[in-house]
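Each remark here refers to the structure printed beneath this line.
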Amino acid sequence: MESSQNRYRMQLETTPWFRGLSVELRDYLVSHASLVTLERGEVLYRRGEQSSGLYAALKDLLDTTPRYWRDFALLMAQRLRLSFDNAEAMTLLPAAQRVANRLLSIAGGYGGLNAAQSRIRLSQDSLASMVSLSRQTTNQLLKNLESQRIVSLKSGEITILDFDRLRAASLGDLDT
């Protein structure tokens, strides 16, 4: 289990939020974490069900060490800001900008919540659902980005080839 904990700790330490925590809190979180493996299509939990994850496991820690409330409040504020940003994008942005914006958000680790990556394992169906578009429209928009060599598409995977041009597309500033 120790090598598994170290492996995931290294992944966690690539995120600005986790890296910014005190060593004591990072050690506590890693030592009290448990890995849950799900089969394809299996659900971790459904809306309305009692959570047995991060939120439910923290009550004792925060009761005994109140100074950590600030760290978790910052994390939750970041998550809330991302939710507002996503809601605003869904309401205001044209379809092409929504797709580019969501790809950047995923690749950037949702504002530093995860490590940045250029290769995203994501189906077009899932991306379409995230941006409230049909799979066909999403496919067409991705093919357009691919034809401009901004992304590369494989089954279940999108690789970002040019972050600057994808950023421009997310702002509607891309010359087509």
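Given the criterion modelled with pLDDT of 75 or more and touching a Lys or Arg at 6+ places or on another chain (Cβ under 9 Å), identify the matching residue among GLU13, GLU42.
None of the other options fit; the residue is GLU13.
Which members of region 94-140 meet the condition of being at pLDDT 90 or above, over 20 Å from LYS154 (Cα atoms) and not small (Gly, Ala, Ser)?
Once the filter is applied, which keeps residues that are at pLDDT 90 or above, over 20 Å from LYS154 (Cα atoms) and not small (Gly, Ala, Ser), region 94-140 yields PRO94, GLN97, ARG98.
Kindly state which helices (runs of 4 or more DSSP H) lie completely within region 2-103 and contain at least 2 residues that are exposed (fewer than 15 other Cβ atoms within 10 Å of the Cβ) and acidic (Asp, Glu).
The helices (runs of 4 or more DSSP H) meeting that bar are 23-31, 59-64, 69-92.
Criterion first (exposed (fewer than 15 other Cβ atoms within 10 Å of the Cβ) and under 12 Å from LEU103 (Cβ atoms)) does LEU153 satisfy it?
It is true that LEU153 is exposed (fewer than 15 other Cβ atoms within 10 Å of the Cβ) and under 12 Å from LEU103 (Cβ atoms).
Out of region 125-161, which residues are in contact (Cβ under 8 Å) with a residue 40 or more places away in the chain and farther than 20 Å from GLY108 by Cβ?
SER132, THR137, ASN144
The values are calculated or read from the model by the stated rules, or taken from the named source; none is laboratory data. These numbers were taken from a predicted model, which means no experiment stands behind them. Cβ sites come from the backbone with ideal geometry, for glycine too, and all protein chains shown count toward neighbours.
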